[in-house]
Structures are given as structure tokens and as C-alpha cells.
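See below for the structure under consideration.
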Amino acid sequence: MCPDTCYLILDTKNKNYEALAKNTTTKEEVEKFTVGRDRELDVLLAEFDVLGSLAHTQMLAAIGLLDAEDLKILQKELKTIYHEIKASHFNIEAGVEDVHSQVELLLTQRLGEAGKKIHSGRSRNDQVLLDLKLFIRSEIQKTVETVQALFHELIKLSEEHQNKLLPGYTHLQIAMPSSFGLWFGAYAESLVDDLILLQAAYRISNKNPLGSAAGYGSSFPLNRQLTTDLLGFDSLNYNVVYAQMGRGKTERNVASALASLAATLGKMAMDICLYLNQNFSFLSLPDNLTTGSSIMPHKKNPDVFEIMRAKCNKLQALPNEIAFIISNLPSGYHRDLQLVKESFLPAFQEIQSCFTMATFMLQNIIVKENILDEDKYKYLFSVEVVNNEVLKGVPFREAYRNIGLAIEAGNFNPDREVHHTHEGSIGNLCNQQIQDAMATTIASFNFEQVQTAIAKLIAE
């Protein structure tokens, strides 16, 4: 986007902006290099740019910078453009630099002079920052919904398969008995903690930067609290310099929360790839959810989970990528920040598609029974036997030594029953408590506040 040291003049006949600095136009090579993928990516921000303008024009009227008639026609046309965007009837035309320019161009073409008044009291710096925050809020809500769907599927599977045992591993060596109830439930509870991080990122994002202009405020008597309320923000970014410093920082914080979700999902994908392997053979999938080989007719490859694992690894790298872009920037706006959009905006679609696909695949997963009946798993029960001896009064160290000697001599033949009753163990999964924790976390986002505000803003 053009820095605010450029003056933008709207040419409605040729449908473009000419950036004039010292009476010269920007060379085509410079414009192409600096604009980058903005036109492509800004379409994702279009509806939020209109929402920002709906709130901003109401505020301008409230402080006397728009008369009632201009406000009426601007509000009506902005709502028309909003619905066009929602119906996918919006694009950024050739020669138009970004989404802000396109919306202002449409208003000016359709309304004339009134369309040129909407930029009073704001800069493209606070305008794009506002768009990003509104976009982030919306995408976090969509992400939470996909996480919820997987969470509920995991709890369902945990309950359904709670009595089916499987090996637990440390160092990838068989260790102690586990269960599918524990395994599915573990990933469910992990998602709760991930959403706590995402909720923190949401709270950082849900602050209004509008009115900070280019990062130093405005001489207009702006009512920043009004736009905060109209857009459903929790509060303002009060200090106008800090509001601009939030660009990049906000994305990095959100990316860190997305990376935490990706880490949970990537680990689960790795487990599933292992468990589908014939040497483990704990799980299987219908043939139509796997892929084959061009030369090996027996192959059933877990491509979905391999791609998922790779996508999640990429998402875990995103916070570092953003950090490297912004790490040596002083306060104030810098064009470097534009590059953050190229990796950050598509990340939401990536994480949401991964969670949606994971839910679908788990709805079709096949869990093997009686896994631990195989003789190779009998040593999993050594701790059970040691504990049973201790319960009979044998000192732990002595019981440990006795069972170790029996294993070494090849005389170990355990009872393959497990008796775990404490909270969070095989016999007491605490799934209800995990569900309660998830419900509390979801409620803390307070998405309803935003939905109510936006519904009022776009109401006819």
C-alpha cells in the first residue's frame, strides 16, 4: 500500500489512482515491486473495509464532518457494496492499488462528491490495521468452530473406545498400558489449552486502532469510543503510536496461537501415521480415504495425515517468519509490514482446512480391538505387577527387583488386567471435566458481542 507520504488523486474516468510525489508519478517497476500481492490478498479484507467505513462515517456525522444527507446515501451504498462482497460480486479492478481505493472508487462513481468524504480523519495506515483486526476476529471465530468440531469428535471417540487398550510408549519403546479413551481424550484436552492461547490473542486483536491515523492521531475531534462501540471492540488501542506498533505484533501473537493448535494437530497426525503402519496396526481407514501406489498394489497410504502434518509444520514456522520481518523495525509505519500479509492471511484457511479434514477422517477411523493380547506386549504390565506386590505390603524397591529378575529369566507371565482409577487415568477419563473446561474457554471469547454489533451496523 502506498505510504502516506504520497498524495492520492482519484481519476474516476480511468478508474485508477495516480500516486503523485513532487509532481512525478511512480515508475511502473517500482509500483509493481511494492504492491506485491496486495490486490489479490486485499479481497479477503473487503467486507471488513466496508464495515470500518460504516462505523467511521457514522462517527464523522456525529462530530459534524458529514451532513445527514451524505451520511444516509453513504450508509446505503456501503451496505450495498457489503452485500455485493458477500455475494462474491466484488473485485479490485486493474489499476486500483488496494481494497480501500476500490471501495472509495465505487462510492465516488456511484455517489459523486459524497464518496470523496469518507477518508476524513483516517489514514490508510489505521484503515488497513482496522481491516486486519476485523478480519482476525472473524477468522478466529471460524477457527474456533472447526476446533470445536474436532474436539467433540475426539470426546465421542474417547467415550466409545474407552475400554480398548493400546500400548503406551516412552522413547518409542513399549512402556505401560494406555487406551484409546486416553489417547483420543489427550488430544481433546490439548485443544482446550490451545484455545486459551487463541483467546488471549483474540483479546489483543479485539481493540480498536481507528483514529490513530498514520500513527500520530488527528486534529479532527474524532470520537474513537463511538467507533469502538459500533464495531463491537472490547476497548481501544488508546495510545495512537502504540496502535500502529500493534501492526505485526498482533499478527505474530495470533500466529503463535495458531502454531499451538497446529502442534497439537500435527502430533496427532504423526500418531495416526504410525498407528496405521502395519507394524503397529492399531487403526485403519476405509480404502477410499487412502491412496495407492503406481507399482505396489497392496499400498494404502495415509496421504491426508501426511499432508496435514506438513501443513501444521509450516504453520508452526509462521510466528518466526513474522518475527524476522518485524524484529528490527522502529516505531511508526514501515512498508515491510505489507509482507506479513502474504503469509499471515492464508494461514487461517490452512488451519481451518486441516481441522475440518481431521474431523472428517476421524469420523471414519476404524479402531482395532484386543491389541494387547499379542505376546510382545506382555511387558507393558510389569508396572501393574510391581504395584500389585506393593499393595500386598512388599516394599517398592524389592518388588521392582523381583519383577525385573522374572523378566530377565523369562518367567514373567502377568495378569493383563489394569486397575487405574485416579483422575485422568484409564478407568477415570474425566471427559466431562474436559468438556466443561472447553465450554468455559469458548464462552470467554464472547463472540456474541461482535455479532450483535455487526448485525446492527449492516441492518437496513
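The values are calculated or read from the model by the stated rules, or taken from the named source; none is laboratory data. None of these values were measured; they are calculated from a predicted model. Cβ sites come from the backbone with ideal geometry, for glycine too, and all protein chains shown count toward neighbours. Side chains included, ligands, DNA and RNA excluded: accessible areas come from the protein's heavy atoms. Shrake-Rupley method; radii C 1.70, N 1.55, O 1.52, S 1.80 Å.
For the stretch 93-242, with all protein chains present and a 1.4 Å probe, just round the carbon and sulfur fraction of the accessible area to a whole percent.
On the way: 2930 of 5490 Å².
Reported share for carbon and sulfur atoms: 53 percent.
In the chain, if the dipole is taken from +1 on Lys/Arg beta carbons and -1 on Asp/Glu beta carbons about the Cα centre, which of PHE348, HIS422, GLN109 is farthest to the positive end?
GLN109
Using Cα atoms only, what is the angle between the long axis of helix 99-111 and the major principal axis of the chain, expressed in degrees (0 to 90) to the nearest 10?
40 degrees
Using 20 Å as the cut-off for backbone N distance, which residues of the stretch 118-152 belong to the label zone defined by a point 7 Å from the Cα of GLU321 along Cα→Cβ?
132-133, 135-137, 139-140, 143
How do 338-347, 404-413, 132-141, 66-75 rank on mean C-beta neighbours within 10 Å, highest first? Don't skip to the end; give the middle numbers.
Values: 338-347: 18.8, 404-413: 11.2, 132-141: 21.7, 66-75: 15.8.
Per-residue Cβ counts within 10 Å, averaged per peptide and sorted highest first, yield 132-141, 338-347, 66-75, 404-413.
Quick one: Karplus J couplings for the stretch 277-288, per residue in order, coefficients 6.51, -1.76, 1.60, θ = phi - 60°, nearest Hz, x for Gly and Pro?
Per residue, the Karplus-derived 3J(HN,Hα) values read 4, 4, 6, 9, 6, 8, 10, 8, 10, x, 4, 6 Hz.
By the scheme Lys and Arg +1, Asp and Glu -1, what is the net charge of all other residues having a beta-carbon under 14 Å from that of ILE407? If you can, show how the numbers build up before the last one.
Numbers: positive: LYS376, LYS378, ARG401; negative: ASP375, GLU384, GLU389, GLU408.
My count for the surroundings of ILE407 gives -1.
Could you report the accessible area of LYS392 in Å², rounded to 10, computed with a 1.4 Å probe on the protein chains as they sit in the structure?
Surface open to solvent at LYS392 totals about 150 Å².
Could you work out how far the C-alpha centroid of the stretch 115-181 sits from that of the stretch 198-272, in angstrom?
When both Cα centres are located, 17 Å separates them.
Suppose R0 equals 51 Å; then what is the FRET efficiency for ASN279 and ASN328 from their Cβ-Cβ distance, rounded to the nearest 0.05?
Numbers: r = 49 Å, r/R0 = 0.95.
With a Förster radius of 51 Å, E is 0.55.
Arranged from highest to lowest average of other beta-carbon atoms within 10 Å per residue, in what order do the peptides 219-227, 85-93, 349-357 appear?
Values: 219-227: 16.9, 85-93: 13.7, 349-357: 18.6.
Order by mean packing, descending: 349-357, 219-227, 85-93.
For the chain, find the longest principal axis of its Cα atoms and tell me its angle to the long axis of helix 447-458, 0 to 90°, nearest 10.
30 degrees
Using a 1.4 angstrom probe with every protein chain in place, what is the largest-first accessible-area order of PHE348, PHE447? Don't jump to the answer; show the numbers that get you there.
Numbers: PHE348 0, PHE447 20 Å².
Heavy-atom accessible area, descending, gives PHE447, PHE348.
What angle do you read, to the nearest 10 degrees and between 0 and 90, between the alpha-carbon axis of helix 240-276 and the longest principal axis of the chain?
The angle comes out at about 30 degrees.
Over the chain, give the accessible area per residue in Å² for a 1.4 Å probe, as an integer. Provide the component values of the computation, followed by the final result.
Details: 22370 Å² over 460 residues.
With the other protein chains kept in place, the chain gives 49 Å² per residue.
Would you mind computing the Rg to Rh ratio of the stretch 284-382 from its alpha-carbon coordinates, Kirkwood style for Rh?
Details: Rg = 21.4 Å, Rh = 17.7 Å.
With Rh from the inverse mean 1/r over Cα pairs, Rg/Rh is 1.21.
For the chain, just the Cα atoms, rotate onto the principal axes and tell me the three extents in Å, largest first.
92, 52, 43
Lysines near LYS86 by alpha-carbon distance under 22 Å, same-chain residues fewer than 8 away left out - which ones?
Candidates past the 8-residue exclusion: LYS72, LYS76, LYS133, LYS142, LYS341, LYS456.
Could you tell me which of MET438, TYR275, PHE360 has its Cα farthest along the dipole of the chain towards the positive end, charges placed at Cβ (Lys, Arg +1; Asp, Glu -1), taken about the Cα centre?
Checked the options; the winner is MET438.
Expected output is a single nm value to one decimal: the length gained when fully extending between THR80 and ASN313, i.e. 0.36 nm times separation in residues minus the C-alpha distance. What is it? List each step's numbers first, then the result.
Values: separation 233, 0.36 × 233 = 83.88 nm, distance 4.07 nm.
Answer, rounded to one decimal: 79.8 nm.
Along each of the three principal axes of the Cα atoms of the stretch 137-266, give the extent in whole Å, ordering the values from largest to smallest.
Taking max minus min along each principal axis of the Cα atoms, the stretch 137-266 gives 69, 29, 15 Å.
What's the FRET efficiency of LEU339 with ILE458 using the Cβ-Cβ distance as r and R₀ = 22 Å, to the nearest 0.05? The partial results should precede the final answer.
Numbers: r = 32 Å, r/R0 = 1.44.
Given R0 = 22 Å and the Cβ-Cβ separation, E is 0.10.
Can you give the calculated 222 nm mean residue ellipticity of the chain, where each DSSP H run of n ≥ 4 adds -39,500 (n - 2.57) and the sum is split over every residue, rounded to the nearest 500 deg cm²/dmol?
Values: 15 runs with 269 residues, N = 460.
Estimated from H runs of four or more residues: -20000 deg cm²/dmol.
With label points built 7 Å along Cα→Cβ from the Cα atoms of GLU113 and THR421, find their separation and express it in nm.
Output for this residue pair reads 8.5 nm.
What FRET efficiency would be calculated for the residue pair ILE407, TYR169, taking the C-beta separation as r and a Förster radius of 25 Å, to the nearest 0.05? Before the final figure, lay out the partial values.
Numbers: r = 18 Å, r/R0 = 0.71.
After rounding to 0.05, the efficiency reads 0.90.
Roughly how big is the stretch 307-460's charge dipole about its Cα centre, with Cβ charges of +1 (Lys, Arg) and -1 (Asp, Glu), in debye to the nearest 20?
Working: 13 positive and 18 negative charges, 92 e Å.
Value, rounded to 20: 440 debye.
Which percentage, to the nearest 5, of the DSSP beta bridges contained in the chain is antiparallel?
On the way: 17 of 19 bridges.
That works out to approximately 90 percent antiparallel.
Accessible area, 1.4 Å probe, largest first: how do ILE454, ILE307 sort?
Heavy-atom accessible area, descending, gives ILE307, ILE454.
How would VAL390, VAL144 rank on accessible area, largest to smallest, probe 1.4 Å? Intermediate values should be presented prior to the final figure.
On the way: VAL390 55, VAL144 0 Å².
From most exposed to least exposed: VAL390, VAL144.
Rounded to a whole number, what % of the accessible area of the stretch 385-450 do carbon and sulfur atoms account for, probe 1.4 Å? Each step should come with its number before you reach the end.
Numbers: 2190 of 4360 Å².
C and S atoms contribute 50 percent here.
What number comes out for the charge environment of TRP183, summing +1 per Lys or Arg and -1 per Asp or Glu over other residues with Cβ under 15 Å away? Intermediate values should be presented prior to the final figure.
Working: positive: LYS156, LYS164, LYS267, LYS368; negative: GLU153, GLU159, GLU160, GLU189, ASP271, GLU369.
Here the count lands on -2.
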